[in-house]
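Read the structure below first, then the notes.
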Amino acid sequence: MTDSAATPLPSTRPVALVTGPTSGLGTAFARLLAERGHDLVLVARDEARLHALADELAGAYGVRAEIIAADLASEAGRDAVSERLAKGVDVLVNNAGFLTDGEFWDADLDLLRGQLGVNVTAVLELTHAALPPMRAAGRGTIVNVASVSGLFTGPASTYSASKAWVVKFSEGLAHKVAADGVRMVALCPGFMDTEFHPRGGQDVSGVPKHLWLDTAEVARTALEDAEKGRVVSIPGRRYRLWTTLDRLKPRRLVWRA
Ligand SMILES: NC(=O)c1ccc[n+]([C@@H]2O[C@H](COP(=O)([O-])OP(=O)(O)OC[C@H]3O[C@@H](n4cnc5c(N)ncnc54)[C@H](OP(=O)(O)O)[C@@H]3O)[C@@H](O)[C@H]2O)c1
């Protein structure tokens, strides 16, 4: 699955592995990390888009990009990425993820298993593979992309639950790995205009303009918060206020929402 035609790594530059860089927030992370002088390992299913991005970043920033075409819903896909991570990277961005629409009881069980595979199991396994070399080197950064919906109780329950797992997992580990020089942050963005909602079949036409976040700004906030040692990163003042107020609500009101 690794693209052997890509320029071989390593080089003297730090290396960042980004999952889901073929669109949306992942593209923003890949661009920002390339701009900051990182070589990249790009992981997603769409090989043509991976190649196009690798070429674009190499041309714009003079960095090298390795490609792993992998389906993170599958064990084989996750294993291929873990194998690369075990060789060592400086930054891991666990960004790939997706939403499912409709009622839980009507949903296709294989799709829900795939959602757990990408949103949860991949974060677990890729972090497990990345940490030993990072701890040995005494440095590294892991960004786990969750969502504000991981902080709320919402109707998209399997999605919210998967993102709540990412938040709790990161919160539990961050302080331990910080002792070894590794930064870990759970990123909890609100609405971003990407392929995410159309792919998940969600109509977001009624979402007010002021709630939409810019992907480049979200990626920058995540890396800055990681540098500051923050464990949970919530981009945008409105969302920080909203999540704080939600924590004060009585649970019975939350459950009826
Ligand atoms: N957009 C929002 O409003 C929003 C809000 C909060 C949190 N988030 C989170 O932000 C992250 C990025 O989402 P986005 O908005 O940028 O969505 P997006 O535009 O749909 O991008 C999702 C990325 O994940 C990859 N991906 C999906 N399924 C995959 C699989 N089975 N194996 C490997 N890669 C897979 C896709 O690549 P391929 O199709 O090429 O595989 C794509 O690059 C997700 O974790 C999402 O939950 C999004």
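Structural remarks
- 222 nm mean residue ellipticity, helices alone, for the chain (DSSP H n ≥ 4; -39,500 (n - 2.57); rounded to 500): -14500 deg cm²/dmol
- Listed residues Val123, Val207, Val89, most fluctuating in the chain (Gaussian network, C-alpha, under 10 Å): Val207
- Whether the stretch 105-155 is rounded, prolate or oblate, judged on the alpha carbon gyration tensor where a/c under 1.5 counts as rounded: oblate
- Backbone phi angles across the stretch 46-55, fed through the Karplus curve with coefficients 6.51, -1.76 and 1.60 (θ = phi - 60°), yield HN-Hα couplings of 7, 5, 4, 5, 4, 4, 4, 5, 4, 5 Hz in residue order; Gly and Pro are listed as x.
- Cut-off under 5 Å, modelled amide H: who pairs with Glu66 long-range: Leu40, Val41, Leu42
- For Thr215, neighbours were defined as the other residues whose beta-carbon sits under 10 Å from its Cβ, and their charges (Lys and Arg +1, Asp and Glu -1) total -1.
- Taken about its Cα centre, the stretch 15-256 carries a charge dipole of roughly 1220 debye when the Cβ of each Lys and Arg holds +1 and the Cβ of each Asp and Glu holds -1.
- Difference of contour (0.36 nm per residue) and Cα-Cα distance, Arg36 to Arg49: 2.5 nm
- P(r) tail for the stretch 1-100: Cα pairs beyond 17 Å make up 43% of the total.
- Annotation: amide H of Thr100 within the under-5 Å range of Tyr159, sequence separation 5 or more or interchain, hydrogens built in the peptide plane.
- Backbone phi angles across the stretch 178-183, fed through the Karplus curve with coefficients 6.51, -1.76 and 1.60 (θ = phi - 60°), yield HN-Hα couplings of 4, 5, 9, x, 9, 9 Hz in residue order; Gly and Pro are listed as x.
- Extent of the chain along its three principal axes (Cα atoms, max minus min coordinate, largest first): 54, 38, 33 Å.
- Amide hydrogen neighbours beyond the local backbone of Arg183, cut-off 5 Å, H modeled: Gly140, Thr141, Ile142
- Per residue, the Cα convex hull of the stretch 129-224 amounts to 118 Å³.
- The mean sequence distance of close C-alpha pairs (under 8 Å, at least 6 residues apart), as a share of the length of the stretch 1-122, puts its relative contact order at 29 percent.
- For Lys176, the lysines whose Cα comes closer than 29 Å to its Cα, not counting residues fewer than 8 places off in the same chain, are Lys87, Lys163, Lys168, Lys228.
- Accessible area per residue, Å², the chain with all protein chains present, probe 1.4 Å: 49
- For the stretch 182-236, alpha-carbon Rg over 2.2 N^0.38 Å: 1.28
- If a spin label sat at a point 7 angstrom from the Cα of Ser82 along the line to its beta carbon, the backbone N atoms of the stretch 113-138 nearer than 17 Å would be those of 114, 116-134.
- Restricting the stretch 216-257 to trypsin sites (Lys or Arg not before Pro) in coil, as DSSP defines it, with at most 15 other Cβ within 10 Å: Lys228
- Rounded to the nearest Hz, the phi-derived 3J(HN,Hα) couplings of the stretch 207-223 under the Karplus curve 6.51 cos²θ - 1.76 cosθ + 1.60 (θ = phi - 60°) are 6, x, 3, 5, 8, 7, 9, 8, 4, 5, 5, 5, 5, 5, 4, 4, 5, where x marks glycine and proline.
- A Gaussian network model of the chain, with springs between Cα atoms under 10 Å, assigns the largest mean-square fluctuation among Asp225, Asp110, Asp55 to Asp110.
- Relative contact order of the chain, pairs being alpha-carbon contacts under 8 Å that are 6 or more residues apart, as %: 18
- Extension gain from Thr158 to His175, taking 0.36 nm per residue of separation minus the Cα-Cα distance: 3.4 nm
- Relative contact order of the stretch 122-223, defined on C-alpha pairs under 8 angstrom at six or more residues apart (%): 27
- Charge dipole (the stretch 82-221, unit charges on Cβ, about Cα centre) - positive-most of Thr194, Thr141, Ala107: Thr141
The values are calculated or read from the model by the stated rules, or taken from the named source; none is laboratory data. The structure presented is a predicted model; accordingly, all values stated were derived computationally and were not measured. Quick reminder, even Gly has a Cβ in these numbers, built from the backbone with ideal geometry, and neighbours come from all protein chains shown. Calculation scope for accessible area: heavy atoms of the full protein, side chains included, ligands and nucleic acids excluded. Shrake-Rupley method; radii C 1.70, N 1.55, O 1.52, S 1.80 Å.
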